[in-house]
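These notes are about the structure you will find just below.
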Amino acid sequence: MCIICDRVKMAKEGSFAPFVHEFDTSILVIGEHQYFQGYCVLHHKNCVSDITELSGDNQQKYFSELMEAAEAIKEVFKPDRLNFSSLGNVVSHLHYHIFPRYEEELSKKDKKDPWANAEEFSQFIPTDQEYKDLASRIKAVL
Ligand SMILES: [Zn+2]
């Protein structure tokens, strides 16, 4: 069990405000900050460390869920691009960060990767109500 296992469990129990949607193999949640409007994370339901630990069928299933989530985020937030990030260095439980990026902020930040401004993320923590509002907007197009 890790912190992502806890979040998956709370999401299934209906007690996790950032919860958006349950897919077959994964759970989509609103990211823990909104430094990038519409930032979400797709947690795999199983505590595997990265995508290579899944069977080929499960890799494809997870990837198609990632694409469904990405399309929903694009539809709602209309970003200029999406950045995907899956590292697992901090929590070794398969998850993909989906960062919507916008031309205006990209040009200001010299097109840096989404982690370049990580020290500012804590200034953009949503309230439970904001999580729920964001989640319902994405849920509406899934
Ligand atoms: Zn885990």
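Rule-based calculations on the coordinates, nothing more; no lab input. Bear in mind the structure is a predicted one, so any value in this text is a computation, not a measurement. With ideal geometry, Cβ positions are generated from the backbone for all residues, glycine too; neighbour counts draw on all protein chains shown.
Counting only residues that are assigned to a helix (DSSP H, G or I) and under 16 Å from TYR96 (Cβ atoms), the range 4-35 holds 4 of them.
Against the definition (crowded, with 21+ Cβ neighbours inside 10 Å, within 23 Å of SER122 (Cβ to Cβ), within 12 Å of the chain's Cα centre (by Cα) and within 16 Å of the ligand (Cβ to nearest atom)), how does VAL29 come out, yes or no? So VAL29 passes the test. On the given criteria, is LEU94 of a type in the set (A, V, I, L, M), within 16 Å of the ligand (Cβ to nearest atom) and over 25 Å from GLN129 (Cα atoms)? So LEU94 fits the description; yes. Counting only residues that are within 16 Å of the ligand (Cβ to nearest atom), touching a Leu at 6+ places or on another chain (Cβ under 7 Å) and of a type in the set (A, V, I, L, M, F, W, C), the range 1-26 holds 0 of them. The residue that is nearest to the chain's Cα centre (by Cα), among those in the range 32-49 that are closer than 30 Å to GLU105 by Cβ and within 10 Å of the ligand (Cβ to nearest atom), is HIS43. Being in contact with a Phe, Trp or Tyr (Cβ under 7 Å, 6 or more places away or on another chain) and aromatic (Phe, Trp, Tyr) is a condition met by no residue of the range 10-33.
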